Amino acid sequence: MNRIAIKMLVGDRAKYIGIIVGLTFASLLITQQASIFIGLMTRTYGAVSANGLADIWIMDENVRFFDDVKPMSDMLLQRTRGVPGVAWAVPFYRNILNCRMANGKVQHVNLNGLDDGTLIGGPPEMVVGSLSDLRRADSIIVDETGAARELARPAREPGGPSVPLAVGDVIEINDHRATVVGICRTVRSFQWGPQVYTTYSRAVSFAPPQRKSMSFILVKAKPGQSVPDLCQSLRGVTGLEARTQREFEKEIYDYFYYYTGIPINFGIAVILGFIVGTAIAGQTFYNFTLDNLKHFGALKAMGASNGMLLRMILLQSAVVGFIGYGLGVGIASLFGLLIADSELAFRLPWWLLLVSALSVGVICMLSAGISILKVVRLEPAIVFKG
Amino acid sequence: MDPAPVPAPIERPHEDEIDIAVHCSDVMKAYGAGNTRVLALRGVDLNVRTGEMLMLVGPSGCGKTTLISVIAGILDQDAGECLVFGEDFRRMRTRDKTHWRGRNIGFVFQSFNLLPTLTAVENVAVPLLIQHQPRAMAMARASALLERVGLKERLRSLPSQLSGGQQQRVAIARALVHGPRLIVCDEPTSALDHETGSSVMGLLREIARGENRALVIVTHDARIFPYADRLAQMDDGRIKSISAGQGAAPPQGTHP
Ligand SMILES: Nc1ncnc2c1ncn2[C@@H]1O[C@H](COP(=O)(O)OP(=O)(O)O)[C@@H](O)[C@H]1O
Ligand SMILES: [Mg+2]
């Protein structure tokens, strides 16, 4: 009877396609929206992940995310370096400053100050120039996207394309002269606006004078030193929060998860996909069953038990489920591949495939369930009704 | 191989029950409740013998379909006794009743009720597949029967590619394929023109009516009355009279 169940389903082309479209839509929307959500959430801590050299980040205990800077006293750096188990500790400066453009426009830039001696915390990849060029006077390195967009120079002729900021160009950051010595590529992160890298002391000199200036201390544990233990003793010595890289990422993730509307927005999209998918697929599947009720009745009269009809309907829903899921996930992955080089966030981990399979499974079960109820309750006597 | 199915021999517990395929006594059935209650069967007494083609005739709404549904085991009566080959459906569990029905009863419906997405031969094989017979064997038997009903060339046709008369022939083949002992037909000719209806009745007489098999046909189509062995006249939920039919002598010139 399995073949017959499949033929019943596939033979009704319009409904068959309708059910599959519904399930495809559901699995696509769930997978794609969740992937973008995960992609975005990963980006919230992208700047921390990219800074792979440090084991531990020391910060004010109220810091919730990367740009939530609460300056600390520079004296803490020496105290940190004195803690047993610390291989090295370097300061990191992070601030948002105004930058005056050649045409007089003012633009915010994300200023990153790297330890003068080691330049730890720099961008992951240089496009033009090298990180050590920061040792020159007034030097800065700008990220390629920022150089091409927000920091680009005006077009040479009216209506022409704007000119990307290039090595040798000079800009003014908070009224301080800064010369571009390199162009870098950063990981895509949640921080919008251009990324500017310079040395720690120059970054501090760019910014308005402050009593405290250090944003983070990046710490490397000695080989063999337990990182959680070191965090513990660093907390004791500095009176500050010391987080492993993983903990800091988690802290940021949680902040965006619990205190922004992002998860709700995407959650709504995912739930919508689920509901719309259930509505379309469930409705069409139910209609398909209703259309075939007379035939299910005839099968019952001819000796098909409820169990047999139940298996037929489950098989039918499993077939459309598999196809719809495959198509939906396939299209979502294709979408991910197509936008891989764009600014859009998209991350499709393997477990998301399970989640969306489960969702499609639930939709199919719901659809099949109401159909099965209808068929099980069906009186075979309907076969003789004109 | 003989393509005509041979029904299983009937158990014969008592000599006086020897020929009785269906035995109904004082069968009652009502639909609905309260003000909308309709008494469809008001005490039906009827015996159907094996080997005979009995026609149940009467005006629309007199209870023919209800009675045939009770006889076929797809509807429970409220009172009275209905035994089919000595079996009382009310004593069976639903599951057993369904299986028994699948093995022993063949159905022919007014609107054919063929599965539209299955070919003729697949449709005919359905009763065997329901009983978990091997597909190859089911298809072979179905093909043989379709040949018997004159549709050798149309095995792979879909119902929509067949005429009404051809579809009803497929339905007859389907009703016979598993060798049932009782075949019930509700208005088998009412969707067909006269000539086609006659040929379908001829076919039913010729290949469906077997020595150990009974046929109960509901109709209000007077033109097919001559095919019956006996005619049971129904009115208002009762059998009014039973008369002998012409039994196989089709009206002159209409049987192909
Ligand atoms: N499911 C039902 N619910 C309520 N009344 C019904 C139902 N089926 C049949 N009836 C009524 O029972 C009576 C007998 O119906 P039926 O057996 O179909 O008659 P026939 O087949 O002779 O036309 C009619 O009055 C009909 O309206
Ligand atoms: Mg009727």
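The values are calculated or read from the model by the stated rules, or taken from the named source; none is laboratory data. Worth saying up front: this structure is predicted, and the values here are computed from it rather than measured. Here the Cβ positions follow ideal geometry from the backbone for every residue, glycine too, while neighbour counts run over all protein chains shown.
Of the helices (runs of 4 or more DSSP H) lying entirely inside region A:1-76, the ones with 2 or more residues being within 14 Å of chain B (Cβ to nearest Cβ) are found at A:2-11, A:13-44. Quick check on A:Phe346: is it under 24 Å from A:Phe37 (Cα atoms) and in a loop (DSSP other than H, G, I, E, B)? The answer is yes for A:Phe346.
For region A:89-96, the criterion of a residue being outside the structural domain of A:Val360 (by TED's automatic domain parsing) and either farther than 19 Å from A:Lys212 by Cα or among the polar types (S, T, N, Q) (or both) is satisfied by at least one position.
Condition check ((1) at pLDDT 90 or above; (2) assigned to a strand (DSSP E or B); (3) more than 22 Å from A:Val48 (Cβ to Cβ)) across all residues:
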site	(1), (2), (3)
A:Trp192	no, no, no
A:Gln210	no, no, yes
A:Arg243	yes, yes, no
A:Ile252	no, no, no
A:Phe256	no, no, no
A:Pro263	no, no, no
A:Val270	no, no, yes
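Of B:Gln161, B:Gln246, all but one fail to be under 19 Å from B:Glu52 (Cβ atoms), of a type in the set (S, T, N, Q) and without any contact (Cβ under 8 Å) to a residue 24 or more places away in the chain; the exception is B:Gln246.
Anything in region B:95-116 that is at the interface with chain A (Cβ under 8 Å from one of its Cβ atoms) and either touching a Phe, Trp or Tyr at 6+ places or on another chain (Cβ under 6 Å) or farther than 28 Å from B:Thr219 by Cα (or both)? List them, or say none. Selection gives B:Arg95 alone. Could you list all residues from region A:205-219 that are in contact with a strand residue (DSSP E or B) (Cβ under 6 Å, 6 or more places away or on another chain), within 28 Å of A:Arg246 (Cα to Cα) and surrounded by 19 or more Cβ atoms within 10 Å (Cβ to Cβ)? A:Met214, A:Ser215, A:Phe216, A:Ile217, A:Leu218, A:Val219, listed by residue number. Determine whether region A:80-103 contains at least one residue that is in contact with a Pro (Cβ under 7 Å, 6 or more places away or on another chain) and at pLDDT 90 or above. Within region A:80-103, not a single residue is in contact with a Pro (Cβ under 7 Å, 6 or more places away or on another chain) and at pLDDT 90 or above. Checked against the criterion of being among the charged types (D, E, K, R) and modelled with pLDDT under 90, the candidates B:Arg230, B:Arg209 yield just one match: B:Arg209.
Which ones in region B:62-108 are within 30 Å of B:Thr196 (Cα to Cα), within 13 Å of ligand 1 (Cβ to nearest atom) and assigned to a loop (DSSP other than H, G, I, E, B)? Correct list: B:Cys62, B:Gly63, B:Ala72, B:Ile74.
Does A:Phe285 satisfy the criteria of being within 14 Å of chain B (Cβ to nearest Cβ) and either surrounded by 15 or more Cβ atoms within 10 Å (Cβ to Cβ) or touching a Lys or Arg at 6+ places or on another chain (Cβ under 6 Å) (or both)? Here the answer is no, as A:Phe285 does not meet what is asked.
Screening A:Ile382 with (1) in a helix (DSSP H, G or I); (2) away from chain B (no Cβ under 14 Å); (3) surrounded by fewer than 21 Cβ atoms within 10 Å (Cβ to Cβ) gives one miss only, at (2).
Those strands (runs of 3 or more DSSP E) of region B:162-254 in which at least 1 residues are more than 14 Å from chain A (Cβ to nearest Cβ) and within 16 Å of ligand 2 (Cβ to nearest atom), considering only elements entirely within it, cover B:230-235, B:238-244. Here A:Arg202 meets the list (1) surrounded by 16 or more Cβ atoms within 10 Å (Cβ to Cβ); (2) part of a strand (DSSP E or B) almost entirely, failing just condition (2).
In region B:117-143, how many residues are more than 15 Å from B:Ala171 (Cβ to Cβ), at the interface with chain A (Cβ under 8 Å from one of its Cβ atoms) and under 20 Å from the mean Cα position of the chain (by Cα)? Matching residues across region B:117-143 total 3. Does A:Ala155 qualify as being surrounded by 15 or more Cβ atoms within 10 Å (Cβ to Cβ) and farther than 18 Å from A:Ser215 by Cβ? Against the criterion (surrounded by 15 or more Cβ atoms within 10 Å (Cβ to Cβ) and farther than 18 Å from A:Ser215 by Cβ), A:Ala155 does not qualify.
Exactly one residue among A:Leu309, A:Leu315, A:Leu344, A:Leu327 is closer than 18 Å to B:Thr94 by Cβ, touching a residue at least 40 places away in the same chain (Cβ under 8 Å) and either more than 16 Å from ligand 2 (Cβ to nearest atom) or among the hydroxyl-bearing types (Ser, Thr, Tyr) (or both), and that residue is A:Leu309.
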